Amino acid sequence: MAWLNNSILEDMGYFSDIYQGIKSLLTGMSITGKYFLNFRKGSITQQYPENRETLKMFERFRGEVIMPHDENNEHRCTGCQACEIACPNGTIEIIWDRQLDEESGKKKKMIDKHIYRLGMCTMCGLCIEACPTDAIKWGQNFENSVYDRKYLDRILNKPGSKLMKGVEDKE
Amino acid sequence: MLLSITKNIHEWLFSLMPENIASIVEMTIIAVIYLTGFAVAGLFLVLMERRIAAWFQLRRGPNRVGFHGILQTIADALKLVSKELTGTIKADKFLYNLAPYFVIITALLALAVFPFTKDFQAFDINIGILFLIAISSIGVIGILLAGWSSNNKFSLIGAMRSGVQTISYELSVSLSLLTIVLMTGTLQLSEIVEVQKNGWLIVQGHVPAVIAFMIYMIAGTAETNRTPFDLVEAESELGAGFHTEYSGMKFAYFFLAEFINMFIIASIATTVFFGAWLSPFGITESIPLLGIFWFLAKTFVIVFLMMWFRWSFPRLRIDQILTLEWKYLLPINLVNLVVMAIVVWLGLTIQF
Ligand code: SF4
Ligand code: SF4
């Protein structure tokens with residue numbers, strides 16, 4: 001009799017399969033149907049570039065690597081090259097030399113140029129993680145189209161900028 | 001009004017020239033009208049699909065070209081017309097060039113038999129439904145040819161899947177329509193509409209008709225190769241499937257035919273289940289011209305349903321597709337056919 005039970009159970013499975021199938025399809029359709037009715041309120045895309053003035057990218061967005069400077073034109077980059085080493089693509093190149101430190105009067109490693117080639121960057125974020133002094137972070141700019149690739153090479157430290165005081169002492 | 005105009009033109013033409021020339025001219029005029037309707041319907045359906053897809057996905061959709069993007073698909077069509085027609089060296093040139101026409105001409109042929117309104121039907125053949133079923137299976141030859149002659153393995157896989165799918169689902173489409181034919185007792189589309197003056201067939205046939213309609217919708221969606229049955233051109237697996245190697249206008253033919261086929265499947269459903277051009281409860285029976293409006297309104301509701309399917313359901317695997325057809329739809333369909341026969345035999349249909 002066991003085989004009979006089995007076959008009956010299987011038959012029941014056949015019909016419950018149909019029932020389950022139709023039910024789950026209707027559930028799916030009701031969800032998309034709700035979206036359809038609410039598309040005006042809930043639209044998750046935005047009308048760009050009309051909203052350019054008010055558009056604010058969300059914080060997690062990785063647009064490009066930037067180096068913030070404060071009002072005295074000072075940044076936090078010590079020229080340690082940790083980011084250069086961390087980058088898997090060779091995107092970052094640090095040009096540094098030993099300059100005279102005004103305070104201590106000693107010669108010391110200082111950054112000359114922090115070269116960042118946006119065109120080669122995969123936005124992996126390893127450089128930002130590697131930086132011991134949080135000198136670089138993510139910028140939210142995404143309008144990066146230019147007419148020549150060379151415009152994508154950027155020097156992140158502004159001309160004439162200096163290292164912020166106290167950054168090195170903290171370590 | 002429209003009908004009297006056509007009658008006048010008809011008489012005027014026949015008074016102007018000898019009979020056989022006049023009838024050729026008349027046929028040409030009708031063909032041009034249908035071709036225009038075909039192109040407009042295709043372009044409109046593409047636009048509708050894109051807007052509705054956007055709304056289902058909480059996007060905005062095309063809204064730049066023209067007022068709210070109305071001209072978007074016309075711009076796309078112009079772009080496609082101006083594109084170069086590329087092809088592969090190893091393609092079988094003759095079949096490769098022939099394939100798009102197969103697809104588009106079968107789509108056009110099917111369009112001819114629909115009763116858009118009383119008397120507005122190009123070809124009232126007495127085996128209307130059989131004709132539609134036959135025509136809709138010819139379209140797949142175009143797809144098979146395209147895949148075969150492209151000499152591209154992705155195209156070939158897509159085309160073969162299409163063959164498998166169409167051959168299987170053809171059965172369900174035919175059987176579900178047959179269920180309804182049991183009630184009407186005729187294959188002629190104008191007669192079928194006539195029968196529905198006592199209530200649309202989906203109401204007349206109640207339970208078995210609703211089941212037949214559901215099966216028809218599933219199988220019809222599969223016939224048009226649309227999601228969730230779009231294995232034929234599964235982008236994530238096969239590139240573009242059977243039309244990978246096509247460009248420009250030839251690609252546009254495939255694309256348009258796909259949308260027209262959707263319209264055709266919806267039109268068949270409208271004609272057979274929802275009373276074609278008959279207005280609900282006969283509210284506008286005195287104005288036959290409004291029949292076109294009712295026909296198109298019903299058709300677009302069903303088209304919308306198919307679009308709803310497309311943007312809700314994930315794609316099926318090939319074995320799941322075959323399981324669905326042979327293990328579920330076909331047996332249900334056969335049982336349903338018997339149920340319908342009993343209903344008709346015992347006179348259990350609902351008549352108004
Ligand atoms: S985000 Fe990645 S790829 Fe870009 S500069 Fe930093 S480490 Fe290099
Ligand atoms: S940005 Fe950070 S990691 Fe890179 S050189 Fe400057 S301090 Fe070092």
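What the table below lists for this structure:
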read-out	value
Signed unit charges on C-beta, dipole axis of the range A:64-165, positive-most listed residue A:P68, A:Y151, A:A86	A:A86
Rounded if a/c under 1.5, otherwise prolate or oblate - chain B, Cα gyration tensor axes	oblate
Restricting the range B:170-266 to chymotrypsin sites (Phe, Trp or Tyr not before Pro) in coil, as DSSP defines it, with at most 16 other Cβ within 10 Å	none
For the range B:3-69 and the range B:105-146, distance of Cα centres in Å	16 Å
Among B:I202, B:I318, B:I143: highest mean-square fluctuation, GNM of chain B, C-alpha pairs under 10 Å	B:I318
Derived scalar couplings ³J(HN,Hα) [the range B:260-265; Karplus, 6.51 cos²θ - 1.76 cosθ + 1.60; whole Hz; x for Gly, Pro]	5, 4, 4, 4, 5, 4
At least 40 Å² accessible surface lost relative to isolated chain, residues of the range B:290-319 (1.4 Å probe)	B:W308, B:F313
Within the accessible area of the range B:95-345 (1.4 Å probe), percent carbon and sulfur	74 percent
Summed buried accessible surface, chains A and B, 1.4 Å probe, nearest 100 Å²	1900 Å²
Phi-based couplings in Hz for the range B:31-37 (Karplus 6.51, -1.76, 1.60; Gly and Pro marked x)	4, 5, 4, 5, 4, 4, x
Helical mean residue ellipticity (222 nm; -39500 (n - 2.57) per DSSP H run of 4+; nearest 500) of the protein assembly as shown	-18500 deg cm²/dmol
Solvent-accessible area per residue, Å², over chain A with all protein chains present [probe radius 1.4 Å]	72 Å²
Cα-centre dipole for the protein assembly as shown with unit charges at Cβ (Lys and Arg positive, Asp and Glu negative), debye to 20	920 debye
In order through the range A:134-141: 3J(HN,Hα) via Karplus (6.51 cos²θ - 1.76 cosθ + 1.60), integer Hz, x for Gly, Pro	6, 7, 10, 8, 7, x, 9, 5
The range B:95-345 - accessible surface per residue (Å², probe 1.4 Å)	38 Å²
Degrees between helix A:2-37 axis and first principal axis of chain A (Cα, 0 to 90, nearest 10)	50 degrees
Per DSSP, loop chymotrypsin sites (Phe, Trp or Tyr not before Pro) in the range A:54-104 with at most 15 further Cβ within 10 Å	A:F58, A:F61
Long-range HN-HN contacts of A:E64 with modeled amide H, under 5 Å	A:G139, A:N141
Accessible surface of B:M214 - all protein chains present, 1.4 Å probe, nearest 10 Å²	80 Å²
Buried on assembly, the range A:28-42 (at least 40 Å² less accessible surface than by itself, 1.4 Å probe)	A:M29, A:T32, A:Y35, A:F36, A:F39
In chain B, lysine pairs closer than 25 Å at Cα, eight or more apart or cross-chain	14
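The values are calculated or read from the model by the stated rules, or taken from the named source; none is laboratory data. Since this is a predicted model, take the numbers as computed values, not measurements. Please note: Cβ atoms are built from the backbone with ideal geometry, for glycine as well, and neighbour counts cover all protein chains shown. Heads up: the accessible areas ignore ligands, DNA and RNA and are worked out on the full protein's heavy atoms, side chains in. Shrake-Rupley method; radii C 1.70, N 1.55, O 1.52, S 1.80 Å.
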